[in-house]
1. Among DSSP beta bridges lying fully in the chain, give the percent that are antiparallel, nearest 5.
2. Rounded to the nearest 20 debye, what is the charge dipole size of the stretch 107-199 about its Cα centre when +1 sits on each Lys and Arg Cβ and -1 on each Asp and Glu Cβ?
3. Heavy atoms only, probe 1.4 Å: what % of the accessible area of the chain goes to carbon and sulfur, would you let me know?
4. Distance from a point 7 Å along Cα→Cβ of Lys177 to each backbone N in the stretch 1-45: keep the residues under 15 Å and list them by number.
5. Order Glu116, Glu158 by their accessible area, 1.4 angstrom probe, all chains in place, largest first.
6. Among the aspartates and glutamates, which fall within straight-line cross-link reach of Lys13, defined as a Cα-Cα distance under 20 Å, with same-chain neighbours fewer than 8 residues apart omitted?
7. Springs between alpha-carbon atoms under 10 Å, Gaussian network over the chain: tell me which of Lys13, Lys34, Lys80 tops the mean-square fluctuations.
8. Tell me the relative contact order for the stretch 45-149 as a rounded percent, counting alpha carbon contacts under 8 Å between residues six or more apart.
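The values are calculated or read from the model by the stated rules, or taken from the named source; none is laboratory data. These numbers were taken from a predicted model, which means no experiment stands behind them. A quick note on method: Cβ atoms are made from the backbone with ideal geometry, for glycine too, and the neighbour counts reach across all protein chains shown. Surface accessibility is based on the protein's heavy atoms, side chains included, excluding ligands, DNA and RNA. Shrake-Rupley method; radii C 1.70, N 1.55, O 1.52, S 1.80 Å.
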Amino acid sequence: MSRTKVIAFANNKGGSGKTTSCSNIGCALSMMGKKVLMIDMDPQGNATSGFGIDKDDVEHSVYDVLINGVEMNSAIIHTKYKNMDVCPSNIQLSGAEIELSEVENREFVLKNALSEVKDNYDFIIIDCPPSLGMLTVNALTAADGMIIPMQCEYLALEGLSQMLMTVKQIKKLYNPKLSLTGILITMYNGRLNLSIQVL
């Protein structure tokens, strides 16, 4: 049984701090001596460029893994940071939602691709796009746990209930082992009543 923990950072609301949170937590784990793989599942590719990788100049990306059958090993880039690898993303990935609809067992494509590299890492961290589409479903089907970064604002609470319903559905249909690892409060300001109330 693999000791690797696969954690997806997901929220269907944009600007909640997903990429910043998972990049920093990934770096902190790597600095603690843990081997970390960051999978950028967002077509914007901000986690990719955040690690100094030119997303327009990568030979293979997570898109190639999901759609073209490229092995995960071939898409992984070793960064200049010790213990930190990245499976990059770029704008090509935006077409994957539609292309995956024609793939058999489409919810399990990422999970199956990870099986070949999983034992090489202590943590695999997945940065999800701000939607509940097939890319996020793939991430949650592959994950052991999920962290929901959440801003301290009223509308974020509505989005949270949607996310919790999604987790329930994923557990029921594809991944009974998926657990809610936690809700990560972002952009908290203790001087604002709203922040305190949301918390």
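1. Values: 2 of 26 bridges.
The antiparallel fraction comes to roughly 10 percent.
2. My answer is approximately 280 debye.
3. Ligands and nucleic acids excluded, carbon and sulfur reach 52 percent.
4. 1-8
5. Glu158, Glu116
6. Asp40, Asp42, Glu97, Asp127, Glu153, Glu158
7. Greatest mean-square fluctuation among the candidates belongs to Lys80.
8. Details: 115 pairs, mean separation 25.6, N = 105.
Across the stretch 45-149, relative contact order equals 24 percent.
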